[in-house]
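Below is one structure; the comments refer to it alone.
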Amino acid sequence: MTAEEAAAKGEFDKPRRLTKEHESGIIISEEVRDLEQAKKRDHKVYITDIAINNVDKVKPSDFSDDQANKMQLMHKKLLTVSKNENDSNEVLMITDLDFSSEVTIKGGEFKVSPASNPFAVSVIAHAKRQSLVYLHNHPSTNTFSIGDIDTFCCESAIKTISVVTNQGEVYILNKTGKYSFDATRELLTAIKDSFSDKEIDDKEFVKNI
């Protein structure tokens with residue numbers, strides 16, 4: 001099923017379009033354009049070999065020990081690519097649940113988009129529901145952005161999304177069998193509305209999620 005067909009059935013939002021004024025996170029939907037403010041990141045941290053060696057091992061509740069080990073190794077590989085080939089900027093790796101292969105996309109300091117890689121676009125379009133893992137780094141010590149969360153919630157092919165900071169800390173969002181797209185969108189809307197007329201702070205929004 002294509003993204004357009006799934007969207008027509010209400011399984012997830014229509015394909016997202018990046019706009020110049022809101023280029024942050026992995027990808028951003030039209031629905032959250034008013035949420036994504038200018039990045040309030042800490043300063044860029046350059047990756048060291050020590051950070052790579054000390055990458056956290058994190059095991060989601062429905063992952064096997066083998067999957068957790070492979071994910072840790074892929075996070076180390078990701079930071080190595082970022083350090084050696086991309087000036088410690090964002091790198092995205094898309095893989096399956098066996099971590100048997102990956103598509104690597106290099107981005108800038110504030111964003112990385114699979115739309116820049118035709119093979120990645122094809123992989124996502126043909127992937128089964130909750131069959132992919134998205135791993136990417138943030139050049140600062142920040143965790144998820146609103147754009148990251150929107151991608152995770154709206155893209156049905158994603159089961160797990162991770163952020164590994166350039167200091168080796170790992171943060172993960174993982175969909176279990178009980179995941180509900182509708183309930184998640186209601187939660188996002190409720191948190192957005194809780195800010196009332198105040199400017200929505202990226203970090204605070206993510207913390208509430």
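The values are calculated or read from the model by the stated rules, or taken from the named source; none is laboratory data. This structure is a prediction, so every number in the text was calculated from the model and none was measured. Because the Cβ atoms are built from the backbone with ideal geometry, glycine has one as well, and the counts that use them run over all protein chains shown.
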Looking at this structure, is D148 modelled with pLDDT under 95 and at negative phi? yes
When A68 is evaluated against the numbered criteria (1) of a type in the set (A, V, I, L, M); (2) in a helix (DSSP H, G or I); (3) in contact with a Lys or Arg (Cβ under 7 Å, 6 or more places away or on another chain); (4) in contact (Cβ under 8 Å) with a residue 24 or more places away in the chain, which criterion, by number, is the only one it fails? (4)
Mind listing whichever residues of segment 78-101 are buried (at least 18 other Cβ atoms within 10 Å of the Cβ) and in contact with a strand residue (DSSP E or B) (Cβ under 8 Å, 6 or more places away or on another chain)? L78, L79, S82, N86, N89, E90, V91, L92, M93, I94, T95, F99
Since R185 meets every condition but one in (1) in a helix (DSSP H, G or I); (2) under 25 Å from N54 (Cα atoms); (3) of a type outside the set (A, V, I, L, M), which condition does it not meet? (2)
For segment 103-128 the number of residues that are without any contact (Cβ under 8 Å) to a residue 40 or more places away in the chain and under 20 Å from P139 (Cβ atoms) is 7
